[in-house]
Structure formats: structure tokens, C-alpha cells
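The structure appears below as C-alpha cells.
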Amino acid sequence: RQGVIDVPVVVHVVHSTPEQNIDDAQINSQIDVLNQDFRAANADVNQVPPVWRDLVADARLQFHLARTDPLGRTTDGITRTQTSVTDWDTDDLVKFSLSGGRDAWPADVYLNVWVCRLRGGLLGYAQFPGGAASTDGVVITHSAFGTRGTARAPFDGGRTAVHEIGHWLNLRHIWGDDDEGCSGSDFVADTPNQAGPNLGSPSFPTATCGNAPNGDMFMNYMDYTDDAAMFMFTKGQAARMDATLDNARLTLSR
Ligand code: ARG
Ligand code: ZN
Ligand code: CA
């Protein structure tokens, strides 16, 4: 693929309290992070250990709040929905007006992002390519969205949306989703095989599954480390996202 794909985003803010009705500045702060991280233009990319510097990928994606709504009218790319539902689960109910949420915009044109209060400390969840258009997109809890307003440490770096959009473009968790085993794979050749998720801010190197001396690539966006501890996609991951944009999500580049 030549050039950068510019993805129109609609942010659906679904709120039951004034606090959850996050302001435009918080939303823009999230878009800014996406535009840094998916271009390897993030300030912390220089913290990638030297052994992996050549693997750092510019995913060549940029994002902007939609300027036209599904009916062709001018929009700021943000919908706001007041609801009586106090918090939400991974059951997709936030994606439907009938259940107190907000309906998706056409998923072949827009990346739908729902921001609401998720239950039980859940930061976000995503739909992989190939699913129903009505539930396509990512859901992020308001306190892990953007870098200001209601965003709270250690998830106030905007990296939850980066991680979830990675899933939306078909990236798997870097440890291969087999918990602490070494048999699972993320189907990416240039990420080290790793046992389970890393949490917090590990120190380099942290070896598992015989991957010494460099160990786990816990600074990858598809691990579970804190926002300040993750700062890269690999070239293999970017190739996998490219393949998705050439196939299941081809309409987004038109
Ligand atoms: N737990 C979520 C998931 O599996 C997101 C984790 C995001 N991590 C972060 N540092 N923001 O999709
Ligand atoms: Zn995940
Ligand atoms: Ca791998």
C-alpha cells in the first residue's frame, strides 16, 4: 500500500452522569494520540529497547472526527446520548438506541467508537473484522479515553483506544491468548513468543517461553501494560493491519 489511510471516526458519548459526558477536548486528545501512535510519531517511541528499534512500524493510518454524517450533513463527528443505564458490559447493548445506547453509523465508512462507563474495571473491547456492521467498532470506558478530562492514571495515555483499534484491525494479544502457556500465537512473526499478559510497567528484559535474552515485548500496544509502558507496533503487526485494510476493511480507504 502507498500512502496513509485517513479514517473517519464517529465518537458516540453515552452518559448517565454529567461526568461521563466527556468534553470535546478529551475526545480530541484521544484523536491526537491515535495520530501519533499509528504513525510511530509518539514521543516515547525512543524508549523502545535498541534490539527492537528496527521493528518499530509506522502503520500509516491517521484518524479524524467525521465531517459528514450518514445523511451527508455537516457534523463534528460526535454524538451525545443521555441514558438511564449507569454502566455497560461487553454485550454490545451500548451500540443500540433501543437498549439505551446509540446506534452505529455505517461501519464500511466510519470507525465507530463508543465512550461510556464500563463495568468492573473493564477498559475497553473491540470487534474483530468480519462481524456484524451494527456492532462494529470499539468501546472504551470514559476514564481510559484520551489524556485529559475524566482520564485517570495509569490509563490516561490514550493507549486503550490504540490497543482496541489494533484488535479492530485484526491484531491479537501479543501473548497469543493462551494465558500462561507457550503454545498460543498472535500470528505475527516478528513479535517474540510470550507466556501471558504483562501488567504495570515491567523492566527490560523479562523473559518467558525461552525468549531470552530480549524476552517479552511488553512495550507493545497489544500487551496489557500501563499506558506509559507501551509504545510500539511491529512491522509484522503493521503488515497484518495492512492486510485487513486491503480486504475486510477495504471500503475505509475509499
Ligand atoms: N483490557 C483491554 C483489552 O483486552 C485493554 C487493555 C488496554 N491497555 C492499556 N494500557 N490501555 O482489550
Ligand atoms: Zn485486548
Ligand atoms: Ca508472535
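The values are calculated or read from the model by the stated rules, or taken from the named source; none is laboratory data. Just so it is clear, the structure is predicted and the values come from calculations on it, not from any experiment. Note: ideal-geometry Cβ built from the backbone for every residue, glycine included; neighbour counts use all protein chains shown. These accessible areas exclude ligands, DNA and RNA; they are computed on the full protein's heavy atoms, side chains included. Shrake-Rupley method; radii C 1.70, N 1.55, O 1.52, S 1.80 Å.
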Length released on extending from residue 87 to residue 183, taking residue separation times 0.36 nm less the Cα-Cα span: 31.0 nm
The chain, dipole about Cα centre (Lys/Arg Cβ +1, Asp/Glu Cβ -1), debye to the nearest 20: 580 debye
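Just to make sure I understand: if all protein chains stay in place, what is the order of 224, 110 by accessible area at 1.4 Å, largest first?
224, 110
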Summed residue charge, Cβ within 10 Å of residue 174's Cβ, Lys/Arg positive, Asp/Glu negative: -3
For region 44-56, 3J(HN,Hα) per residue [Karplus equation, 6.51 cos²θ - 1.76 cosθ + 1.60, θ = phi - 60°, Hz, x = Gly/Pro]: 8, 4, 6, 8, 4, x, x, 5, 10, 4, 6, 8, 4
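How much of the accessible area of the chain, probe 1.4 Å, is carbon plus sulfur, in whole percent?
Solvent-exposed carbon and sulfur of the chain make up 50 percent of the total.
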Nonlocal amide H pairs with residue 223, under 5 Å, H built at 1.01 Å: 174
Cα-based Rg of region 5-110 normalised by 2.2 N^0.38 Å, two decimals: 1.31
Student exercise, region 138-254 dipole from Lys, Arg, Asp, Glu Cβ charges, in Debye to nearest 20: 480 debye
Calculated log₁₀ intensity ratio I(q)/I(0) where the Debye formula runs over C-alpha points of the chain, q = 0.14, 0.16, 0.17 Å⁻¹: -0.92, -1.19, -1.33
Charge dipole of the chain about the Cα centre (unit charges at C-beta), most positive-ward option of 127, 74, 3: 74
Candidate residues 45, 4: accessible-area rank, largest first, probe 1.4 Å: 4, 45
DSSP bridge pairs, the chain: antiparallel proportion in percent, nearest 5: 20 percent
Amide H contacts under 5 Å for residue 64, placed H, 5+ residues apart: 7, 9
